[in-house]
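The block underneath contains the structure these notes are about, expressed in structure tokens.
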Amino acid sequence: MKRCFLIIIPLLLANLGKGKDIVVCGSYTASQKLHIKIYEPVNSYYNTGFFSFKSPDRFSIPGTDSFYYRVSSATPITLLIFVTDSSENYLTKSMVVLFPDDSIHLKMDLVNESPESILYSGSNAEGQKLFNRIDYVAVNKFMPFIDLLDSLDQNKEHFFEHVNTRLENLTSGFDSLYSEKRISKEFRDFQKVTFTHLAYHYIISRFLMQYKEREILSKETRDNFIDLCYEKLPITNPYLKYSYYAYPYIINYFNFLSYKELSLTSIEPLYKTNDFVIKGKKVTIDNECSQFLYIKDLKVVEELWGVFMVDLLFFIPDGVLTETIQKYKSIFPECKWLPVLAKQEADCSKRKFQEYAFSSPVIYIDSLVAETKVSPDANSLQSVFKLLPIDKPVFIDIWASWCGPCVKAFGFNRELDSFLLTNNITKLYISLDGKSQIKAWKNAIQRFKLGGFHILANNDLIKEIKQMYGIGEKEGITIPRYLLVSKEKNIVLSTALSPLEWNKLKEEIKRYLVPK
């Protein structure tokens, strides 16, 4: 194969109305046609991680191995640039954070393995390189922040000293680059917000959901911790709205207000099906979107509910959200999110990215579900393994229906499940949903088409998992977690990478589970 380069020529910014043009040009040489996919933030903000998709055909230059892309923005934005082959197989990606008047140049070597496979030059080039090297979307990077909750100190300031120390360790490279005048202050500050809001979001989510059954701290103390998070990084921060995947942090803020006003012990009741009257119309919402109808400010409801559905459409099968979207349209007929929703629906319908899951049926081997026809003796990992196919390695996904990062990782199930099926590897989902969440658990399995074996972990199984990870009996388990099990049913890796790091995870699976 020829030496293959992707060159993204400097991002040029020019005056255009209220915004400035961001132009991405590129060219490549290869023995096959490559596809360049550029994802931009929805409506220029709320970087959800699943940006509005623009077909490569819309900016490919006919007759050449080149492309041209332009977008106008008056605010900082994050562009996600994907490169795939002609069969839509993922090759590489880069995320670039751009301010008005910035210019950046990327050069990607897609053939020769090298630590410097992506070269950056131009504005904040060293910062762009560091941002991609840290890999912001890798969930495992943020597990230490949740682990802090397993040894909570009642002193808020002492606790946040530990949190801030870990954040400083994670982002110290940006401070060094700024002190050396190699990146701008705006870029440094933007990245600090980017990493801080996700760390705080994980902490807040634990307080609002998982801790409801384990009163390690009083409700008042937990609420004070959450208040301090939003005091340290308020949702009015000028960079937050444009930071990658910040909207869950913002959503939780309004959920927290509803939680306090209704004197709840967790935000779980906000997700339950109920009838609401909004704009004089009675609506019944029977999925996660019900949380938005407790918010009193209708403009906030319109914004957050709209972007949430845009994000959710990426994951779920065709038609699942149709009724909810229609209700949203009837309430907000002039909403600016409607064209984005319509396009996302069309893109998802064309993509049909989950068809592969039908080749791997859903099989329940659960010890808590009464209707199961399988042996109920699933009180340990080894007893569960005995219920799986003999002489097949196992990939284990420990998850829950309420876990946002777990659901986010399902976006890579097409690649993961296809690879597992090809290599004769069994997939096992171990859910930490409680007995009261059986319906939500089963609904999530169907919604996300999670083909494979499923078990709802009972207390004995949860206890064993905690012991394996050195987690206290009264503490929660940070999820998602992934394990690799040999065909002899020995755990060979209990800290496998997330599917969000698909290329690295694939290499782990090859190393431990695929015969040489």
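Looking only at residues of the stretch 216-275 that are in a loop (DSSP other than H, G, I, E, B) and without any contact (Cβ under 8 Å) to a residue 12 or more places away in the chain, we find that the one that is farthest from residue 41 (Cα to Cα) is 218. Only a single criterion out of (1) more than 23 Å from residue 434 (Cα to Cα); (2) of a type in the set (Phe, Trp, Tyr); (3) touching a residue at least 12 places away in the same chain (Cβ under 8 Å) is not satisfied by residue 207, namely (1). The residues of the stretch 468-482 that are surrounded by 19 or more Cβ atoms within 10 Å (Cβ to Cβ), in a loop (DSSP other than H, G, I, E, B) and either without any contact (Cβ under 8 Å) to a residue 24 or more places away in the chain or among the hydroxyl-bearing types (Ser, Thr, Tyr) (or both) amount to a single one, 478. Looking at 129, 107, just one residue is modelled with pLDDT of 75 or more, touching a strand residue (DSSP E or B) at 6+ places or on another chain (Cβ under 9 Å) and within 24 Å of residue 170 (Cα to Cα), and that residue is 129. Before we move on, is residue 358 assigned to a helix (DSSP H, G or I), among the aromatic types (Phe, Trp, Tyr) and modelled with pLDDT of 85 or more? So residue 358 fails the test. Screening residue 87 with (1) at pLDDT below 70; (2) hydroxyl-bearing (Ser, Thr, Tyr); (3) surrounded by 16 or more Cβ atoms within 10 Å (Cβ to Cβ) gives one miss only, at (3).
Restricting attention to the stretch 438-461, does a residue exist that is within 26 Å of residue 82 (Cα to Cα) and of a type in the set (Gly, Ala, Ser)? No - not one qualifying residue is present in the stretch 438-461. Counting just the residues of the stretch 450-464 that are surrounded by fewer than 21 Cβ atoms within 10 Å (Cβ to Cβ) and in contact (Cβ under 8 Å) with a residue 12 or more places away in the chain, which one comes out farthest from residue 286 (Cα to Cα)? Per the criteria, the residue is 464. Evaluating residue 430 against the criteria (1) assigned to a helix (DSSP H, G or I); (2) closer than 20 Å to residue 407 by Cα leaves one unmet condition, (1). Residues in the stretch 322-340 that are part of a helix (DSSP H, G or I), of a type outside the set (Lys, Arg), surrounded by 12 or more Cβ atoms within 10 Å (Cβ to Cβ) and modelled with pLDDT of 80 or more: 323, 324, 325, 328, 331, 337, 338. Residues in the stretch 472-516 that are basic (Lys, Arg) and either at pLDDT below 90 or at negative phi (or both): 474, 481, 487, 504, 506, 510, 511, 516.
The values are calculated or read from the model by the stated rules, or taken from the named source; none is laboratory data. Predicted, not measured: the structure shown is a model, and the values here were computed from it. Cβ coordinates were reconstructed from backbone atoms using ideal geometry, including for glycine residues, and neighbour counts include every protein chain displayed.
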